[in-house]
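We did not get these values from a lab; they are worked out from the coordinates using the rules stated. Predicted model only: the values in this text are computed from it and were never measured. Reconstructed Cβ throughout: ideal geometry from the backbone, glycine too, with neighbour counts over all protein chains shown.
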Amino acid sequence: MEVPEVKALLKIRSFEKGFDEQAYVRIYNICFRDYDDIRSMTLDELREMEEFMSFSTDGVLIAEWNGEIAGMVNAYVDKQREEPKGFIQGLAVLPEFRGKGIATGLVEKAIESLRQRGMKTAEAWAQTDRKTCMRVFEGFGFKQARVGSVMKRIVADVPPNTGENNSVKMRQIRPKNDDDILLENRLDNEAFKEHFNYRPRSLEETKHMLSGLPFFKQQDGYFAILDGQPVGYVIAGIDVGLNEEKKVKYGWILDIGVLQPYRRMGIGTSLMLAGLQWIRLKHMDEAWLYVDDLNPTEAFKLYAKLDFEVAKKNLAYQLEIHE
């Protein structure tokens, strides 16, 4: 239990829009700079994100230690989600303030914030190499609910004849075409409806994903067409800023989905090969992606078949917080 003097040094307050943006960016950039898959954020990018419906600073909490900015966390409530589940995201404490109980204080306040807004479950994520975050969440009684993987592969040798469906045709997605936005939205929602943490994606979110992601200024996508019918899609992208900062050449499979009746027919393989080929033609060295290890489509097995290797693991923790 913390002594009164420590509690007096620590103040946790709500994010003030128009005032705390620079502090947010500074904490984010310092605390996440050693992640392979995260790059520095600019102030303009944060402001752009603030205007989008699936990002909100309403639940961001700022920690001050003896009057100095020390850390932050986001107690995020997705207003589009019917399920009363909130998310504890971006837990970060500046290096010079670690070991003072600030992370514990931030998580405690985040849980209370979610509870006050009617959430019944809190979910948090931690990479398995972030032992401090894992200990903090487990200290509050969070239990592991899911395991995800960050996977990668070299793209110089993308082989054909790996089980793809040769009857499938690829059509490029037109990101500013209303019909293609509508089609992508329908395919995405249908393909992912049985997935962990699914909630329907709105048309506006799909439009933003196809043409407005702040980090992926280069991206492309394809519909899989079988017997004249669209049955799946893939979207690949390149974060030029990440590559420049980390001195790497990474491309990303950002999203892929196949309608349930058309799975186990080689369509997912065909889509992956199309995405990998696009990444290779952009002169990238590696392709990266995220996957839920227990994805009901068994996507992990598909990626392993295509020689993707696990780079790191992510743990999803959950805590029941209803009174």
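Can you pull the three principal axis extents for the Cα set of segment 4-141, in Å, largest first?
The Cα atoms of segment 4-141 stretch 40, 34, 30 Å along their principal axes.
Which value, in debye to the nearest 20, describes the size of the charge dipole of the chain about its Cα centre when Lys and Arg Cβ atoms bear +1, Asp and Glu Cβ atoms bear -1, and nothing else is charged?
Magnitude of the dipole: close to 500 debye.
What number comes out for the charge environment of Ala191, summing +1 per Lys or Arg and -1 per Asp or Glu over other residues with Cβ under 12 Å away?
Surrounding charge for Ala191 is -1.
Taking just the alpha-carbon atoms of segment 151-312, what radius of gyration and Dmax come out, in angstrom?
14.9, 44
Report the paramagnetic label zone for Phe196: residues of segment 281-316 whose backbone N is under 15 Å from a point 7 Å from Cα along the Cα-to-Cβ axis.
290-301, 312-316
Which order do the peptides 132-143, 265-276 take when ranked by the mean count of other beta-carbon atoms within 10 Å per residue, highest first?
Packing order, densest peptide first, comes out as 265-276, 132-143.
Give the order of Lys312, Lys305 when sorted by the count of other beta carbons within 10 angstrom, beginning with the fewest.
Arranged by neighbour count, lowest to highest, Lys312, Lys305 become Lys305, Lys312.
Please give the net charge around Leu91, taking every other residue with its beta carbon less than 14 angstrom from that of Leu91, where Lys and Arg add +1 and Asp and Glu add -1.
+2
Using each residue's phi in segment 61-76, evaluate 6.51 cos²θ - 1.76 cosθ + 1.60 at θ = phi - 60° and report the 3J(HN,Hα) Karplus result to the nearest Hz, with x for Gly and Pro.
10, 10, 9, 10, 10, 6, x, 9, 4, 10, x, 7, 7, 10, 8, 8
Can you give the extra length, in nm with one decimal, that the chain gains between Lys282 and His322 once fully stretched, where that is 0.36 nm per residue apart less the Cα-Cα distance?
Value of the extension gain: 9.5 nm.
Please state, as a whole number in µm²/s, the translational diffusion coefficient that the Stokes-Einstein equation yields for the chain at 25 °C and 0.890 mPa s, with Rh defined as the Kirkwood radius across alpha carbon pairs.
Translational diffusion coefficient: 116 µm²/s.
Amide H of Asp293 versus every other amide H placed in the peptide plane: which residues, excluding those fewer than 5 positions away on the same chain, fall under 5 Å?
Val147, Gly148, Ser149
What FRET efficiency would be calculated for the residue pair Ser14, Lys247, taking the C-beta separation as r and a Förster radius of 56 Å, to the nearest 0.05?
0.90
Karplus couplings for segment 22-33 from phi (6.51 cos²θ - 1.76 cosθ + 1.60, θ = phi - 60°), rounded to Hz, Gly and Pro as x?
5, 5, 4, 4, 4, 4, 4, 5, 6, 7, 10, 5
Per-residue HN-Hα couplings for segment 122-132, Karplus 6.51 cos²θ - 1.76 cosθ + 1.60 at θ = phi - 60°, whole Hz, x for Gly and Pro?
10, 10, 9, 10, 8, 6, 5, 8, 9, 5, 5
For a quick protection proxy, order the peptides 190-202, 95-107 by their average other-Cβ count within 10 Å, most packed first.
Sorting 190-202, 95-107 by mean packing, highest first, produces 95-107, 190-202.
Name the residues whose placed amide hydrogens come within less than 5 Å of the amide hydrogen of Tyr35, ignoring near sequence neighbours (fewer than 5 apart) on the same chain.
It is none; the list stays empty.
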